[in-house]
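The values are calculated or read from the model by the stated rules, or taken from the named source; none is laboratory data. Quantities reported herein were computed from a predicted structural model and do not represent experimental measurements. Here the Cβ is made from the backbone with ideal geometry for all residues, glycine too, and neighbour counts use every protein chain on show. For accessibility, only protein heavy atoms count, side chains too; no ligands or nucleic acids. Shrake-Rupley method; radii C 1.70, N 1.55, O 1.52, S 1.80 Å.
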Number of protein chains: 4
Amino acid sequence: MQPTNKIRFESFSDGVFAIAVTLLALELRVPYLKTTQSSFSLQALVPLIPSLLTFVLSFVAIAIFWVNHHQLSQVLQRINKRRILWLNILLLLFVTLIPFVTETMSLNAPSALAVSMYAFVLFGASVSFSLLRYWIHKTSHDEHITMTRSYIGPIIYLLAVLAPIVSITLGYILLAIPPLFYFLPKSSIIEDDSTD
Amino acid sequence: MQPTNKIRFESFSDGVFAIAVTLLALELRVPYLKTTQSSFSLQALVPLIPSLLTFVLSFVAIAIFWVNHHQLSQVLQRINKRRILWLNILLLLFVTLIPFVTETMSLNAPSALAVSMYAFVLFGASVSFSLLRYWIHKTSHDEHITMTRSYIGPIIYLLAVLAPIVSITLGYILLAIPPLFYFLPKSSIIEDDSTD
Amino acid sequence: MQPTNKIRFESFSDGVFAIAVTLLALELRVPYLKTTQSSFSLQALVPLIPSLLTFVLSFVAIAIFWVNHHQLSQVLQRINKRRILWLNILLLLFVTLIPFVTETMSLNAPSALAVSMYAFVLFGASVSFSLLRYWIHKTSHDEHITMTRSYIGPIIYLLAVLAPIVSITLGYILLAIPPLFYFLPKSSIIEDDSTD
Amino acid sequence: MQPTNKIRFESFSDGVFAIAVTLLALELRVPYLKTTQSSFSLQALVPLIPSLLTFVLSFVAIAIFWVNHHQLSQVLQRINKRRILWLNILLLLFVTLIPFVTETMSLNAPSALAVSMYAFVLFGASVSFSLLRYWIHKTSHDEHITMTRSYIGPIIYLLAVLAPIVSITLGYILLAIPPLFYFLPKSSIIEDDSTD
């Protein structure tokens, strides 16, 4: 039986995730295309590539948080701790900042500081998520919590905060690791669920 | 019995569709109307017509995706494949880009490249939707999937990507076909449902 | 028993209403306040008054549509007609245009044409709503539909479209009537519901 | 058993809260960072600090309203009074204005008038919430309503409206009290709920 507050916990979170993801595209600057029919030149799109790549990176990052949040909240039975509510709000605070740092990184590229800011926000989101995950499992008296995976996100993003001091490129590479890490291995989390 | 994750799958998608549709109108540029009471001239609205038509075109395109998504998710029983979750996210990625390409097409009109970009995003959305449709039916062990209709959208939009190289007008005509195709024939999908 | 599609019909509509209402405030232009502590002057707020009044007018108009939509959808049992889905989408199309015409009216004030545009969008929304109301009641085999109230909104808004040709002030007065009409009389629709 | 209208009451409110919170971050101005790799200087972030602090202040304020709204609506059984619907809409009206006054306060800082405007919107929201709380409890025939806490928010925000006439700093301090008051004391409202 679903307690009402779980539904609202989810619907408020889904709202924030959905808006953050849609605002990402809103932040894309409309290009000025001089091309008319006589000069259909794809080169006019070249300046758009960096911001489109950043858009995809952020979109995927938010989507991964949403998918994980979705799976996590299935464990949750009842929100009987204020701590869980506020860790979730902290996660959402960082999520709402993602469109802002995405645009900061796009418009200032290449800027070491902007890459660090971007990585810092994702670091904050992944730390909040790991804490939320820890407390939800603890509250559910779930003994077999493997927190190993929960360290990876925060650590990589922390490295990505520091990396740009040395090399912007290294920063970008580190930022691309969590999405790749998420898709490449055969982490068949949902499939497992269904066989349970 | 609704598994929770289906509810969130739908509410996240509904959120993105609702925001995308509302942002379309936000992208409309507020006109500067010099008319005062003495000169109530409808001619001041003429420059607004192209962007209003584009707004309606995009609004209807997103609404069709929403209606189809709505019907498709009724087939869905349980999201037990990560593939379905991510095909849906891919569809939403293209949907969030619709306001951006709509504004790009409006502000640069007439631009062959902008029409191609616009068509490309709708092409991406319709391919994602067809794949999503295929996998949801397959997962539900639904044998009588008629994928014929699923080819039409992607093909028309692909032609609309290429058409502007030859003629911008042809591009616009192709973009107008899917909505017309949707409304004109007596495709009484929902009515059938109710008699079943 | 709620059919799934009714839930999504409502959640998509709620999303659009909620976003439209929130974007209204986003369209308010941030004022430049020269006042520092030494000169705390409320006069700096005077130029904000027209746009704040317009904001409240539009907010209340959308809220009334939401409240009525909310009550109407309780009558709805199953969405078995495509017509109902698309009349609802038409209503939402006009709702998404409200922030745009609100800003147009604010920034161009006083402009007869902008008031007409604003009234036209509300006219479109109220006609769509009345049609939706008619078809939902008809589909539910509800015999005692009193459509009298359904004519009032469209008629007043139609007058408000035409009034600015003669007088902008008359246009504003007509636009203010539906909200006042809604609040002043003892139309205890919800209370009746509960005693039934 | 949940009456449908309660679900929509909540989903519409959640939508507005979620959008307001996400738009807060949208209002942050993307900084121009001159730093390249050779000059990774955190000083470039100093001008961002005031608007980030204001963002956090507003985010937490909206989140507290959401958490309280969430708890309040659990008391609510059926919305059988139009008054409750409209007090909620009044609360949401003030919530949608929070991103606007947040940006006004950020961009005009230090401005006594902007701080007063900001405090006034939060004052309006907290008065609406207290009235809503009163009527929901009254409708639910709930005898043990302790309204004491309901006076604190409105009073502090009213003081914060007036304080900037004397001192902007005092205004900021007063604005920071409700969030601190909320987190510091051991007000274990949710925990109590679960033991009941």
Carbon + sulfur, % of accessible area of segment C:71-110 - ligands and nucleic acids excluded, 1.4 Å
58 percent
Quick check: the distance between the Cα centres of segment A:165-183 and segment B:43-118, to the nearest angstrom?
30 Å
So for the pair residue C:134, residue C:43, with labels modelled 7 Å out along Cα→Cβ, what separation do we get in nm?
5.5 nm
Shortest first and in nm, the label-point separations between residue B:46 and its counterparts in the other identical copies (7 Å out along Cα→Cβ) come to 3.9, 3.9, 5.6
Distances in nm, one decimal, shortest first, from residue A:165 to the same residue in every other copy, taking the label point 7 angstrom along Cα→Cβ.
5.1, 5.1, 7.2
Roughly how large, in nm² to one decimal, is the mean projection of the convex hull of the alpha-carbon atoms in segment A:7-144?
10.1 nm²
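Set the Förster radius R0 to 41 Å, insert the Cβ-Cβ distance between residue C:167 and residue B:109 as r into 1/(1 + (r/R0)^6), and round the FRET efficiency to 0.05.
0.70
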Over 22 Å (Cα to Cα) - which of D:6/D:81; A:81/A:138; B:138/C:6 fall in this group
B:138/C:6
Provide an ascending nm list, one decimal, of label-point separations from residue D:134 to the equivalent residue in each further copy; define each label point as 7 Å from Cα along Cα→Cβ.
4.4, 4.4, 6.2
With the cut-off at 1.5 for a/c, could you classify segment A:64-106 from its C-alpha gyration tensor as rounded, prolate or oblate?
oblate
Where in segment B:101-120 does accessible area fall by at least 40 Å² between the isolated chain and the complete protein assembly, at a 1.4 Å probe radius?
B:108, B:113, B:117
In Å², nearest 100, what accessible area do chains B and C bury in total when the solvent probe is 1.4 Å?
3800 Å²
